[in-house]
Amino acid sequence: MRLMQVKTGKGRQVVATERNRSWFVGRYKTVYDIANAAIRNKTTIARTVKAAGEKGAADPVALYKAGRVLPPIDHPDPAHLYVTGTGLSHLGSAATRDSMHAKVTGAAEELLTDSMKMFRQGLEGGKPAPGQTGVQPEWFYKGDGSFVAAPGKPLVSPAFALDGGEEPEVAGIYVVGKDGQPFRVGFALLNEFSDHVTERQNYLLLAHSKLRPCSYGPELLLGGLPEDIRGTSKIRRGKELSFDQPFLTGEANMSHSVANLEAHHFKYEWFRRPGDIHVHTFGTATLSFASGVTARPGDVFEIEAPEFGLPLRNPLAVDKPHKVRIRQL
């Protein structure tokens, strides 16, 4: 089952899709409400959706085309939604996987960069046995709910940015219960939009490069994450494609297990605050920037994988310059 949120004349509604049939969900107006009801009633989201009844058939494609699609989960107070992520977690494409392994496993420790050392650590200890915790991944903060653009809406790059490029990823979506227990709601496609030129200058600038908007959805996939996900990442420039490459994700293509990435995120008490939403993205190995493509304002990023239903599309825009004046109190 997949869920999406849409704007309606009366506010908003949830749309559910299962076996090529879509309907408006009764009783609940948001996925956040559905998740909290499932936690409260100690049941699953899918069962909660089915128990809520139906309010008529829905057409997700038409709703998307009409610009009515919202992020598939959000919080009434955007400050209580965290967007975070992990990097150096993917093995690369099948064509480059063997060479990457040889490069990091055969090299002496002192010859590796810090990034390659961390990648090797993931290869060696990122998938621990069930119940155990493996090595720590790279981790970064992306922003809160105010950084999130709805599917179909622009990703706005700040005027001072040196670049604005896509990163096609899958994110885990979580809600923290009243007892501080994180609950996984599902998974969604996410464009982890970043400034790769800034990051390339010095890896210590990674934190700056990640403080950019992102978008996830349009649909939220319930249940477990498929083992081997094969999607496509495109940049549309008018009627032309300036970039079109496959991307691989799912644990079969990762050096860390999802459970290990989750364990290292939620081990921090501050990330177990009751009521908060966490959107935690798992990384990628496909970037148009790595292929020498520079996105331009007006280009449309498109990320798609069959398991997730509708593609995630966002045009690129650039913000006007802002002068910041610090006043003395």
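Looking at region 270-329, what strands (runs of 3 or more DSSP E) fall wholly within it and have at least 2 residues that are modelled with pLDDT of 95 or more and β-branched (Val, Ile, Thr)?
Passing ranges, in order: 277-281, 300-304.
Can you say whether residue 135 is in contact with a Lys or Arg (Cβ under 6 Å, 6 or more places away or on another chain) and either open to solvent by 10 Å² or more (accessible area, probe 1.4 Å) or modelled with pLDDT of 95 or more (or both), as far as the supplied structure shows?
No.
Restricting the search to region 39-70, which residues are without any contact (Cβ under 8 Å) to a residue 40 or more places away in the chain and not in a loop (DSSP other than H, G, I, E, B)?
Within region 39-70, 40, 47, 48, 50, 51, 54, 56, 57, 62, 65 qualify.
Would you say residue 36 is within 21 Å of residue 182 (Cα to Cα), among the polar types (S, T, N, Q) and surrounded by 15 or more Cβ atoms within 10 Å (Cβ to Cβ)?
Yes; evaluated as a whole, the condition is true for this residue.
Is it the case that residue 317 is on the phi < 0 side of the Ramachandran plot, surrounded by fewer than 18 Cβ atoms within 10 Å (Cβ to Cβ) and small (Gly, Ala, Ser)?
Answer is yes for this residue.
The values are calculated or read from the model by the stated rules, or taken from the named source; none is laboratory data. Please read all numbers here as calculations on a predicted model, not as lab measurements. Every residue, glycine as well, gets a Cβ built from its backbone with ideal geometry; the counts of neighbours run over all protein chains shown. Note: accessible area is taken over every heavy atom of the protein model, side chains too, but ligands, DNA and RNA are not part of it. Shrake-Rupley method; radii C 1.70, N 1.55, O 1.52, S 1.80 Å.
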